[in-house]
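A short worksheet on the structure shown next.
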Amino acid sequence: MGLNATTGTVLGFLLSGPRTAWDIDQRIGGSVGHFWNVTRSQVYRELPQLAADGLVRVQSGGGKGERRTYAITAQGRMAFRRWLAEGPPAETRRIPILLITFFGAELEPGRLAEILDRTRAEVTAELDGYEGLGALLADRPFERATLEFGIRYAELVRDWIDEVARPLVERGTEN
């Protein structure tokens, strides 16, 4: 059985112990969610299917209103490791600010500048958030490596706005 990236992500967060769907969603949001989009609804949808496939088991939560806790099975751990060893599929880049900039001449005067400023503020806030994580991940080199990528990517977007896109708009070639 081949796994997709969402399934692999959910299984990966069960490797360190049983979790509820809510716990998994929170951990995704605070870590890989910075570079890999997995929605809360995807997490909640995946877990029952993983249980039906024998890759996880429900440890508790059978009663009405009781939160279900899921644990990875040996079969799930093997499926996760196979998926991980396959390596990533061909990358599809989706960078919204580039798409908007590409068609920027179609925007009302000044609107692209507003969008660039908002995007710059967002990536600056990301960088501020990343600042304290480095020390927390000092003894976790693989997670630290992904943090470093996030830092460099946010810096790249910020610097591209400052050095390429914003000067282009300021020179008046926006419309």
Hey, any hits in the range 17-24 for a residue that's aromatic (Phe, Trp, Tyr), surrounded by 15 or more Cβ atoms within 10 Å (Cβ to Cβ) and within 26 Å of Glu143 (Cβ to Cβ)? no
Checking Glu126 against (1) modelled with pLDDT under 90; (2) of a type outside the set (Lys, Arg); (3) closer than 24 Å to Thr9 by Cα, which test does it fail? (1)
Any residue at all in the range 62-85 that is over 27 Å from Trp22 (Cα atoms) and surrounded by 10 or more Cβ atoms within 10 Å (Cβ to Cβ)? no
Taking the stated definitions as given, is Thr92 within 22 Å of the chain's Cα centre (by Cα) and either under 27 Å from Ile151 (Cα atoms) or modelled with pLDDT under 95 (or both)? yes
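What residue, of Val56, Val43, is closer than 27 Å to Glu122 by Cβ and either free of Cβ contacts under 8 Å to residues at least 24 places away in the same chain or not assigned by TED's automatic domain parsing to the domain that holds Trp160 (or both)?
Details: Val56 fails: closer than 27 Å to Glu122 by Cβ.
The conditions single out Val43.
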Of the candidates Gly110, Gly132, the one satisfying the condition of being on the phi > 0 side of the Ramachandran plot and out of contact with any His (no Cβ under 6 Å at 6 or more places or on another chain) is Gly110
For Val32, state whether it is of a type outside the set (Gly, Ala, Ser), more than 30 Å from Phe149 (Cα to Cα) and surrounded by 14 or more Cβ atoms within 10 Å (Cβ to Cβ). no
Any residue at all in the range 140-159 that's assigned to a helix (DSSP H, G or I), of a type in the set (Phe, Trp, Tyr), out of contact with any Gly (no Cβ under 6 Å at 6 or more places or on another chain) and touching a residue at least 40 places away in the same chain (Cβ under 8 Å)? yes
Criterion (part of a helix (DSSP H, G or I), under 28 Å from Tyr153 (Cα atoms) and β-branched (Val, Ile, Thr)) met by exactly one of Val38, Val10: Val10
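How many residues does the range 129-147 contain that are acidic (Asp, Glu) and under 20 Å from Thr9 (Cβ atoms)?
Within the range 129-147, residues that are acidic (Asp, Glu) and under 20 Å from Thr9 (Cβ atoms) number 1.
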Inside the range 72-137, counting only helices (runs of 4 or more DSSP H) that do not spill past its ends, which hold 3 or more residues that are of a type in the set (Asp, Glu)? 111-131
Out of Leu116, Leu55, report the one residue that is surrounded by 13 or more Cβ atoms within 10 Å (Cβ to Cβ), at pLDDT 90 or above, out of contact with any strand residue (DSSP E or B) (no Cβ under 6 Å at 6 or more places or on another chain) and under 30 Å from Val169 (Cβ atoms). Leu116
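The values are calculated or read from the model by the stated rules, or taken from the named source; none is laboratory data. Given the structure is predicted, the values throughout are model-derived calculations rather than measurements. Note: ideal-geometry Cβ built from the backbone for every residue, glycine included; neighbour counts use all protein chains shown.
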